[in-house]
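Participant: The structure is given below, and queries will be raised subsequently.
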Amino acid sequence: MARHVSGTYQRTDRVRVRDGETVLLRRGERRSTRRVKLLELSLSHLVLSSTELPADGESVSVTIELRDRHIEMEIPATVGWHRGSEFTVVFDYLTLRQTYGLTLALELARQAAETEPTIMRVARRSRAFHS
C-alpha cells in the first residue's frame, strides 16, 4: 500500500484498462476535441494512444467518463512523452472531486481486470463441457 498525497491509502498505483476504453482529449488554445484510446490509468498520469499526437509539453484537458456511475470529470494535464502512437499526459493539479473520480475509476478498472479472465475461463469450460 502506498500513501497518497491526500493522506488516504490506495491499493492500486496504476492499471491497464480493457480494450475499447476511450477518453476525450481537448488540445490547448484551439479547443479541438477528439476521442483517444485509453491504455493505462493512474492517479498521476494517463497513457493514451492516437494517430494524431500532441506536442511534448502541450497543455491539454482530458475528460474521463464513468458511465456506470454517471460521473464525468475534466482534468487539466500536460503531455509528457511519446513512443510510437502512444503518449502520456501528466496531471497538473487534482481537486478533491477529481481525485475521488480517478480513485473510483482505478478501482473499477482493477475489478474489471480481475473478473475478465474468470469469465473467459468459465466460457471455455462450458463450451468444452457441451461438446
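Participant: Would you mention how many residues in region 15-57 are in contact with a Lys or Arg (Cβ under 7 Å, 6 or more places away or on another chain) and acidic (Asp, Glu)?
Facilitator: The qualifying residues number 1.
Participant: Is it the case that some residue within region 56-63 is in a strand (DSSP E or B), touching a helix residue (DSSP H, G or I) at 6+ places or on another chain (Cβ under 7 Å) and surrounded by fewer than 16 Cβ atoms within 10 Å (Cβ to Cβ)?
Facilitator: The answer is no; no qualifying residue exists.
Participant: Restricting to region 85-122, what's the tally of residues that are aliphatic (A, V, I, L, M), at pLDDT 85 or above and loosely packed, with under 13 Cβ neighbours inside 10 Å?
Facilitator: 1
The values are calculated or read from the model by the stated rules, or taken from the named source; none is laboratory data. Remember, predicted model here, so these are calculated numbers, not experimental data. Please note: Cβ atoms are built from the backbone with ideal geometry, for glycine as well, and neighbour counts cover all protein chains shown.
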